[in-house]
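One structure is given here, and the rest of the page talks about it.
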Amino acid sequence: MGEGERRSVGVVLGAGIFLAPWLFVWLLLRRGHSTLSRGLGFGWFAVIALGTFSSIRHRHDTSRATSAASVATIAPPSGSRTYDLDSGPRLSQWTYESSKDDMRGSTDSYATLESVNGLGFGFPYNRGKSWGRIRLQKTVRSGVSALLTITQGQFVCAAEGCSVPLKFDEGPIEALWCSGTADGDPTALFVGDPRRFISRLKRAHSLIVEPQFFQEGSRQLEFMSAGLVWKD
């Protein structure tokens, strides 16, 4: 093309700029295209670029709003204690069960409370958190009993029994006498005076126990005990 000769925007180039300006608009920088052609071409490119950016930002904002709405949907009631499953305490409450003894014509009752904090143990008990439980039992064969259990790990308790530090609400630290199970289950301890323990549970809002664990030493488990419904 000679010096000063004008270059026109053909049908093919015009269609390319209209459909994919990010690819074809740069051809307008060749010698011969007019300032008007370049202005129109790069103006169209700017419109498309701004539209694309706005669309991406809108989708991002919508995604964030949807995520926030999902979190709000599953949020716990106001005032409840809840924490991430693997990082700390979670919402806890009493659960109740019953089973009928057809032979004796009686009903056995059970109540279970899970700790609001989980413990991290070393191998081989490192498959997630270890959660403590208080289990109350009332059966026609065994009467009333209370147990302290752990989902994984081993309590340390002598054959003649052991003293577990205990604290109800903001009261003083006390000693809870416990003993192992008849079958030697290392994940469970029987409370020595279950009726007194249950009576204290009914009046307390919270309690902390500090049992000994094999290779882990003394560790604390916290329970939110308010709301217990139990008849001896």
Beta carbons within 10 angstrom, averaged per residue: use that to sort the peptides 158-166, 187-195, 97-105, 131-139, highest first.
-> 131-139, 187-195, 158-166, 97-105
Compute the length gained on full extension between residue 193 and residue 93: take 0.36 nm times their separation in residues and subtract their Cα-Cα distance, giving the result in nm to one decimal.
-> 33.7 nm
Classify segment 95-224 as rounded, prolate or oblate, taking a ≥ b ≥ c as the square roots of the eigenvalues of its Cα gyration tensor: rounded when a/c is under 1.5, otherwise prolate if a/b is larger than b/c and oblate if not.
-> prolate
Compute the relative contact order of segment 95-224 as a whole-number percentage, counting only Cα pairs closer than 8 Å that sit 6 or more residues apart in sequence.
-> 22
Give, as ranges by residue number, the residues of segment 141-168 whose backbone N falls under 13 Å from the point 7 Å along Cα→Cβ of residue 175.
-> 161-166
By how many nm would the segment from residue 158 to residue 139 lengthen if fully extended, with 0.36 nm per residue of separation less the alpha-carbon distance?
-> 4.2 nm
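Each value in this text was obtained by applying a stated rule to the coordinates, not by laboratory testing. Only a predicted model underlies this, so the values are computations on that prediction, with no experimental measurement involved. Note: ideal-geometry Cβ built from the backbone for every residue, glycine included; neighbour counts use all protein chains shown.
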